[in-house]
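In what follows, a structure is listed as structure tokens, so that the remarks can point back to it.
The values are calculated or read from the model by the stated rules, or taken from the named source; none is laboratory data. Everything quoted here is computed from the prediction, not taken from an experiment. Here the Cβ is made from the backbone with ideal geometry for all residues, glycine too, and neighbour counts use every protein chain on show.
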Ligand code: AHR
């Protein structure tokens, strides 16, 4: 392949990278909670019933914010079922995933997990079957000082100090006909506005996320977002984006080009926000909250999404390979390229359900996507830089793209460069051209790579697709490297 050049300059910034881009999502779904993070019967359980092996692996991912309790689950959830004395909590039939919910894990358990892992909690209220008033009551339960009904209920459960939850989603995927309580955009918007006002009058410090479209394939895509933004105006601090992708037709070059489509999705929703703001001549700008994203396509059939009345059924247990890890990197690079508009993002999900982690009895597996996420999360912070790429390109079903997919951030004197060679067979000679500064040396560099795109980790062979130290750089004059085919390389350079 001919040489690819990437031009960067610390003076050409896109915007500060929000620490909340490195988020996750934990839903009452399948074995995500029970047999996932929470399993008092496990040999690994700690005094709170959390699995220490899972907790330690999640600690490595250093996520900053985690969304809970759903997802589709949120649209039928009664939060009061999941608080108070565990022995008195009801076991209920839940409709989103047709499963049995024991409510042994609820708000206080989630907050305890957040404290253990230094996560900012983000809660999704029920605007499907629930009311604005119930949403407000949950804010009081979590955030109010003691002295009133719901705050005192929290204190009686052992948490005198408020949980201080700063981020609240106004429902989940309400544009989707599959959603409990799905209604047309305007009806949702009125419901969400009432809820947001009541929630914010209970705690003026909270930020709210309005449901945007569930994805660019929705028939009401963008019309839904515009209507919701117009009705909510300053009652919504963010609008949500969701995206699940896959390689169902086995076209890996196109699959690896998905970043272009994610860029377009972000740019379209941001344009919608700016349109509404300008049309209303408003000072209020809604930012983007990409609160569900991942690879999910193998486990979409009914046997994978219907719990058939069971407790902790095996649902959405996607197995990930190398190309999925490169696509996870594509999402994260797209968020960095749009650091001026995307302020929160949540990998969906954490464990067992479309997760970077899988449990089997007491065993734990880190999937390929675990390592891709970690390379980014280890380099969070700073400012995203504009990058100009000049080099060989190819046609994909998302349009023409460069073989190099990349993003760069600057944190003090450290330049972080994320680079994926999307060529499935050829190595890529790459030159980093830096203006306005000089590269002194490579501090750290790691690679996620394997012999084939379909390589994956298994419980028997867990180290097939992992992050390994990468020593291919030369920094004489400019930084040069040869990126192996279908690889992700994350590098931190020390600048002069
Ligand atoms: O993450 C799995 C599901 O995908 C979520 O519950 C829902 O919001 C989305 O459709």
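Here are the numbers for the structure shown:
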read-out	value
Candidates 316, 347 - the one that is in a loop (DSSP other than H, G, I, E, B), in contact with a helix residue (DSSP H, G or I) (Cβ under 7 Å, 6 or more places away or on another chain) and within 13 Å of the ligand (Cβ to nearest atom)	316
Residue identified as over 23 Å from residue 355 (Cα atoms), more than 16 Å from the ligand (Cβ to nearest atom) and modelled with pLDDT of 95 or more among 91, 107, 129, 120	91
Residues of the stretch 359-377 classified as out of contact with any helix residue (DSSP H, G or I) (no Cβ under 9 Å at 6 or more places or on another chain) and either buried (at least 24 other Cβ atoms within 10 Å of the Cβ) or part of a loop (DSSP other than H, G, I, E, B) (or both), total	1
Within the stretch 218-236, considering residues that are outside any helix (DSSP H, G or I) and in contact with a helix residue (DSSP H, G or I) (Cβ under 9 Å, 6 or more places away or on another chain), the one surrounded by the most Cβ atoms within 10 Å (Cβ to Cβ)	236
Residue tally, condition part of a loop (DSSP other than H, G, I, E, B) and farther than 28 Å from residue 188 by Cβ, over the stretch 120-169	10
Options 266, 262: the member that is buried (at least 24 other Cβ atoms within 10 Å of the Cβ) and on the phi < 0 side of the Ramachandran plot	262
The stretch 79-98, residues that are exposed (fewer than 14 other Cβ atoms within 10 Å of the Cβ) and either in a loop (DSSP other than H, G, I, E, B) or in contact (Cβ under 8 Å) with a residue 24 or more places away in the chain (or both)	85, 90, 91, 93
Only one of 57, 13 that is assigned to a helix (DSSP H, G or I) and either in contact with a strand residue (DSSP E or B) (Cβ under 8 Å, 6 or more places away or on another chain) or more than 28 Å from residue 385 (Cα to Cα) (or both)	57
Unique match (being modelled with pLDDT of 95 or more and within 23 Å of residue 244 (Cα to Cα)) among 195, 210	210
Complete set of residues in the stretch 19-54 that are in a loop (DSSP other than H, G, I, E, B), surrounded by fewer than 24 Cβ atoms within 10 Å (Cβ to Cβ) and in contact with a strand residue (DSSP E or B) (Cβ under 8 Å, 6 or more places away or on another chain)	31, 35, 39, 42, 44, 49
Failed condition for residue 32, given (1) closer than 19 Å to residue 369 by Cα; (2) within 13 Å of the ligand (Cβ to nearest atom); (3) touching a helix residue (DSSP H, G or I) at 6+ places or on another chain (Cβ under 8 Å)	(3)
Checklist (1) in a helix (DSSP H, G or I); (2) in contact with a strand residue (DSSP E or B) (Cβ under 6 Å, 6 or more places away or on another chain) applied to residue 241, failing item	(1)
Residue within the stretch 185-201 that is assigned by TED's automatic domain parsing to the domain that holds residue 262, touching a helix residue (DSSP H, G or I) at 6+ places or on another chain (Cβ under 9 Å) and not in a helix (DSSP H, G or I) present	no
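Here's the yes/no breakdown for (1) assigned by TED's automatic domain parsing to the domain that holds residue 179; (2) under 19 Å from residue 185 (Cα atoms); (3) in contact (Cβ under 8 Å) with a residue 24 or more places away in the chain; (4) within 18 Å of the chain's Cα centre (by Cα):
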| residue | (1), (2), (3), (4) |
| --- | --- |
| 213 | yes, yes, yes, yes |
| 223 | yes, yes, yes, no |
| 232 | yes, yes, yes, no |
| 244 | yes, no, yes, yes |
